[in-house]
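Step one of this worksheet: look at the structure below.
The values are calculated or read from the model by the stated rules, or taken from the named source; none is laboratory data. All values reported here derive from a predicted model rather than from experimental measurement. In this analysis, Cβ positions are derived from the backbone assuming ideal geometry, glycine residues included, and neighbour counts consider all displayed protein chains. Ligands, DNA and RNA are excluded from the accessible area calculation, which covers all protein heavy atoms including side chains. Shrake-Rupley method; radii C 1.70, N 1.55, O 1.52, S 1.80 Å.
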Amino acid sequence: MGDSKKYITAEELKKHNKREDVWISVQGKVYNVTDWIKQHPGGDIPILNLAGQEATDAFIAFHPGTAWKHLDNFFTGYYLQDYEVSEVSRDYRKLCVDFAKAGLFEKKGHGVMYSFCFIGLLLFLTFYGVLFSNSFLIHMLSGALLGLTWMQISYLGHDSGHYLIMTTKGFNKLVQIMSGNCLTGISIAWWKWTHNAHHVACNSLDYDPDLQHLPVFAVSSSLFKSLNSTFYGRELTFDSLAKFFVSYQHFTFYPIICVSRVNLFVQTLLLLFSKRKVPDRFFNILGIMVFWTWFPLLVLSLPNWTERVLFVLTSFAVTGIQHVQFCLNHFAADVYVGQPKGNDWFEKQTAGTIDIACSPQMDWFFGGLQFQLEHHLFPRLPRCQLRKISPIVQDLCKKHNLSYRSLSFFEANRWTIRTLRTAAMQARGMLWEAVNTHG
């Protein structure tokens with residue numbers, strides 16, 4: 001009996017790559033997800049970035065086994081012609097199955113409870129130091145503790161965005177709003193919007209929002225071409241102002257990072273009050289209002305404006321350590337221009353990430369994200385499992401001759417500054433050329 005299946009070629013599949021016509025392939029079966037992207041819990045951008053492509057590895061990475069049954073609702077009846085699985089993808093998918101059978105995705109340990117207790121203690125010490133002490137040093141220490149609190153809350157929010165840290169989805173969402181919006185002033189809706197896009201398009205200069213920091217930073221001279229950001233829907237203009245800032249970015253990196261939290265506040269407000277569809281907009285705005293009630297009141301409790309300003313700067317600077325870490329994980333890694341591809345998922349993650357080597361005693365400080373490659377490959381895996389699987393990931397990278405970079409915190413900083421300096425020297429050459437040309 002002949003094959004009665006209907007087939008579509010990869011070239012034909014590519015034609016269905018627009019918002020009004022979105023098809024993807026998962027394990028060789030073709031699905032029409034045009035209407036689903038409006039309801040997709042992870043947002044529309046991750047799907048749109050892989051529209052018209054084979055996307056099995058990305059689907060496996062982000063979805064539990066229970067999600068597979070929902071795919072049948074979108075099946076077009078077509079199968080992808082000449083569907084093949086690379087050896088890397090085959091090994092990656094086997095690891096996903098092995099980890100699932102071992103229950104690693106469900107074994108979350110007691111990390112969430114410890115985090116809640118630690119965050120509660122830090123907040124108590126912060127408020128106590130501000131409200132019940134007259135010492136300048138205690139006030140500054142309280143600012144530092146608040147910055148450390150924000151770091152720990154961010155890790156907890158990050159975990160809750162990738163997998164359930166509570167017993168139900170409702171409780172999980174409540175924790176996200178309470179911890180993220182109410183305690184840090186940064187919307188969980190904004191985080192999901194940018195972070196999911198970052199994961200799918202890791203280190204794509206025009207698709208990954210985490211590398212789009214013009215006019216202040218540019219990690220590659222490719223950004224000098226004023227690329228179009230598919231995420232923001234606008235040009236990343238590299239004008240004379242950007243040339244000036246980028247020319248000195250290896251000097252300004254740490255000072256700017258110290259106050260970069262201000263940008264996150266602004267980005268949150270821009271999203272929540274935009275025309276873009278925002279899940280749970282009301283509760284996100286309500287949470288932000290809570291933050292902008294207690295935080296100014298806490299700061300105003302300090303005796304004078306000198307202490308108030310220094311308190312805020314101290315809290316921002318300490319939290320800046322976390323922002324530096326996020327930059328270390330990607331700035332010095334490989335970058336590319338163009339749409340992410342679904343058929344080289346494993347390779348793109350290894351190329352676009354850098355791990356930070358540290359002792360197990362420091363895992364709490366880095367929130368598990370020092371295992372950046374492991375997290376990118378298995379984003380649903382609880383952070384307590386990342387150190388355990390690291391040797392397995394290293395072996396797989398070695399088997400397929402793929403890079404696995406794990407640097408000390410100091411060395412990762414050195415790599416990042418070197419990357420920024422290289423781009424700065426190239427921009428500086430363009431700047432002086434423009435000055436000499438135009439006088």
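By a straight-distance test (C-alpha under 14 Å), which aspartates and glutamates pair with K29 as possible cross-link partners, with residues fewer than eight away in the same chain excluded?
Once the sequence-local aspartates and glutamates are set aside, what remains near K29 is E12, E54, D57, D72, D82, E84.
Using a 1.4 Å probe, what is the accessible area per residue for the chain, in Å²? Display every interim value, and only then the final one.
Values: 20980 Å² over 439 residues.
Accessible area per residue, the chain: 48 Å².
Between V337 and A100, what is the FRET efficiency for a Förster distance of 41 Å, r being their Cβ-Cβ separation, to the nearest 0.05?
Working: r = 35 Å, r/R0 = 0.84.
For R0 = 41 Å, the calculated efficiency reads 0.75.
Could you work out how far the C-alpha centroid of the range 88-117 sits from that of the range 345-380, in angstrom?
14 Å
Which residue fluctuates most in the GNM of the chain (Cα springs below 10 Å): H195, H213, H375?
Between H195, H213, H375, it is H213 that shows the largest mean-square fluctuation.
Take the cross-link list K14/K348; K169/K192; K275/K341; K38/K173; K108/K388 and give me the ones stretching past 23 Å between alpha-carbons.
Listed pairs above 23 Å: K275/K341.
To check you understand DSSP bridge types, tell me what percent of the beta bridges within the chain (both residues inside) are antiparallel, rounded to 5.
Restricted to the chain, the bridges split so that about 55 percent are antiparallel.
For labels at Q394 and K18 in the simple 7 Å Cα→Cβ model, what's the distance in nm?
Between Q394 and K18, the label points sit 4.9 nm apart.
Would you mind getting me the FRET efficiency between W292 and Y254? Use the beta-carbon distance for r and R0 = 22 Å, nearest 0.05.
Given R0 = 22 Å and the Cβ-Cβ separation, E is 0.20.
Given 0.36 nm per residue, what is the gain on full extension from L300 to S408 after removing their alpha carbon distance, in nm?
Between L300 and S408, full extension yields 34.9 nm more.
Rounded to the nearest 0.05, what FRET efficiency is calculated for S226 and M425 with R0 set to 22 Å and r the Cβ-Cβ distance?
For R0 = 22 Å, the calculated efficiency reads 0.70.
Multiply the residue gap between L121 and Q81 by 0.36 nm, knock off their C-alpha separation, and tell me the result in nm, one decimal place.
8.6 nm
What nm distance separates the two modelled labels at K5 and N134, each placed 7 Å from Cα along Cα→Cβ?
Reported label-point gap for K5 and N134 is 8.0 nm.
Quick one, which of (1) 1.33; (2) 1.03; (3) 0.96 is the actual Cα Rg over 2.2 N^0.38 Å calculated for this model?
Recomputing Cα Rg over 2.2 N^0.38 Å here picks out (2).
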